[in-house]
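Asker: Before I ask anything, let me first share the structure, which is written out below as structure tokens.
The values are calculated or read from the model by the stated rules, or taken from the named source; none is laboratory data. Since the model is a prediction, treat every value here as computed from it, not as a measurement. Counting neighbours? That spans all protein chains shown, and the Cβs are built from the backbone with ideal geometry, glycine included. Accessible surface areas use protein heavy atoms only, side chains included; no ligands, DNA or RNA. Shrake-Rupley method; radii C 1.70, N 1.55, O 1.52, S 1.80 Å.
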Amino acid sequence: MERIINKIAAHSDKLVQLVGSVRFDLPEGSIHICKKGSVKETYQTADCSFRTTEAVLASLIDGILDPMSAVITGKIFFAGDVMVALKLKELFS
């Protein structure tokens, strides 16, 4: 889990541009990104949440998997603010 958090935190320049908070719910636990860009391993209410696996999230972060394709193929599920969800692609590009 720490490896994924560090991968996300490496995009700190883009994380601070988030218009809302994001939570990734993984089988191993939850990762929360607040509007100011801090990344924590915690379950907190977020504007948009994503449910997936650590492997899929790593592929998204590395740019191997397109977020829209992941949603369409059922590799990732989201709930909440659609505008925040659409920013996911920009976040890790």
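Asker: With +1 on each Lys and Arg Cβ and -1 on each Asp and Glu Cβ, and nothing else charged, work out how big the dipole of the chain is about its Cα centre, in Debye to the nearest 20.
Answerer: Rounded to the nearest 20 debye, it is 160 debye.
Asker: Right, next: Given that just one value was derived from the coordinates, which of [x] 18, 60, 22, 0; [y] 16, 46, 30, 8, 0; [z] 14, 31, 26, 14, 8, 4, 1 is P(r) over Cα pairs in 10 Å bins from 0, in percent?
Answerer: [x]
Asker: Follow-up. Quick check on the chain: helices-only [θ] at 222 nm, where DSSP H runs of length 4 and up contribute -39,500 (n - 2.57) each and the sum goes over total residues. Nearest 500, please.
Answerer: Calculated at 222 nm, the ellipticity per residue is -8500 deg cm²/dmol.
Asker: May I ask you to order 55-64, 5-14 by the average number of other C-beta atoms within 10 Å around their residues, highest value first?
Answerer: 55-64, 5-14
Asker: Moving on to the next point. Per residue, how much accessible area does the chain show when a 1.4 Å probe rolls over the protein heavy atoms, in square angstrom?
Answerer: 55
Asker: Under a crude label model (7 Å from the Cα following the beta-carbon direction), how far is residue 51 from residue 38 in nanometres?
Answerer: For the pair residue 51/residue 38, the computed spacing is 2.8 nm.
Asker: Anything over 19 Å Cα to Cα? Flag those among 14/87; 7/40; 40/75; 14/40, in the order listed.
Answerer: 40/75
Asker: Not counting the cut sites, what is the longest span of the chain without GluC sites (Glu not before Pro) that DSSP labels loop and that have at most 15 other Cβ atoms within 10 Å?
Answerer: Values: sites that count: 28, 41.
Between the exposed loop sites, the longest stretch runs 42-93.
Asker: Determine the share of the chain's accessible area contributed by carbon and sulfur atoms, expressed in whole percent, with a 1.4 angstrom probe.
Answerer: Looking at the chain in its full context, I get 56 percent from C and S.
Asker: Counting only protein chains, not ligands or nucleic acids, how are 73, 52 ordered by accessible area (probe 1.4 Å), most first?
Answerer: 73, 52
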